[in-house]
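As structure tokens, the structure follows; a few thoughts come after it.
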Amino acid sequence: MHLSQFELTYVPQKSVKGQALVDFLADHLPMENVMVQEEKPWTMFFDRSSRRESTGTRTVIYSLSGVVTKMTIAFSTQCTNNKAELEALVIGLRNLKDMGVTRVKVLGDCNG
């Protein structure tokens with residue numbers, strides 16, 4: 001009630017653009033405390049795998065040291081291509097998480 005004597009207008013704050021945030025941080029953070037860690041990502045390919053008698057998934061993971069891990073899973077029932085590919089993606093990402101991998105480049109369509 002004390003403010004009723006004033007004419008107040010609410011103006012929402014505009015969104016901060018990404019570059020403005022980067023510029024602000026660059027101007028206000030001491031650079032000696034900033035560590036840039038450039039780590040190459042692992043690579044994971046995924047795809048559905050279909051045979052005459054069943055449908056499944058195929059995932060191929062390439063580690064940084066060049067070790068190749070291939071996984072195939074067959075479904076007991078037929079499913080759509082999208083569902084099979086989604087299952088391949090989820091299974092591959094779960095395996096990478098279990099291995100402690102934090103950076104991965106994910107590509108559809110297995111090559112290997």
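Among the listed residues L64, L93, which satisfies the condition of being in a loop (DSSP other than H, G, I, E, B) and modelled with pLDDT of 80 or more?
So the residue among L64, L93 that is in a loop (DSSP other than H, G, I, E, B) and modelled with pLDDT of 80 or more is L64.
Scanning the range 24-56 for residues that are in contact with a Phe, Trp or Tyr (Cβ under 7 Å, 6 or more places away or on another chain) and modelled with pLDDT under 85, which turns out farthest from N95 (Cα to Cα)?
S54
The values are calculated or read from the model by the stated rules, or taken from the named source; none is laboratory data. Keep in mind the model is a prediction, meaning the values are calculated, not measured. All Cβ positions, even for glycine, are placed from backbone atoms using ideal geometry, and neighbour counts span all protein chains on display.
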